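All of the numbers you see were taken from the coordinates with simple rules; none came from a lab. Owing to the predicted nature of the structure, the values given are computational and were not obtained by experimental measurement.
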Amino acid sequence: MSRLLYLILIIAFLVVGFVFGAINQQLTDIHFLVVKLQLRVVDIAIIFLITGVLLGLIIAAWLSMARRTKNWLKPSAEKT
C-alpha cells in the first residue's frame with residue numbers, strides 16, 4: 001500500500017513539474033558579478049532544485065559519516 005502511495009505522489013509531483021514548466025516559458029535576466037545570463041524561469045527553478053538536492057545529499061552523507069566514525073580515531077580502552 002505504501003509503495004502505491006509513493007508512486008502516486010511521485011507521479012503527482014512530475015505532473016505538477018511539467019505543468020509548471022509549460023506555463024513558465026518567459027525569459028529572465030540573471031546578473032552575476034561580471035556575467036549576465038538570460039534563462040527561462042523554469043530553467044532557473046530546475047537549477048535551484050538540483051542545487052538544493054545535491055547540497056542536501058552532501059550534508060546528509062557528511063553527517064552520516066561523522067556519526068559512523070565518531071569513535072574511530074579514539075584508542076580503545078584496554079583492560080589490564
Worksheet item: Based on DSSP H runs of at least 4 residues, each adding -39500 (n - 2.57), what is the mean residue ellipticity at 222 nm of the chain after dividing by all its residues, to the nearest 500 deg cm²/dmol?
Response: -22000 deg cm²/dmol
Worksheet item: Regarding the chain, what are the three Cα extents along the principal axes, ordered largest first, in Å?
Response: 74, 50, 6
Worksheet entry | Degrees separating the helix 2-23 axis from the principal Cα axis of the chain, which is the longest one | 40
Worksheet item: Helix 41-68 sits at what angle to the longest principal axis of the chain, using alpha carbons and giving 0 to 90 degrees rounded to 10?
Response: 0
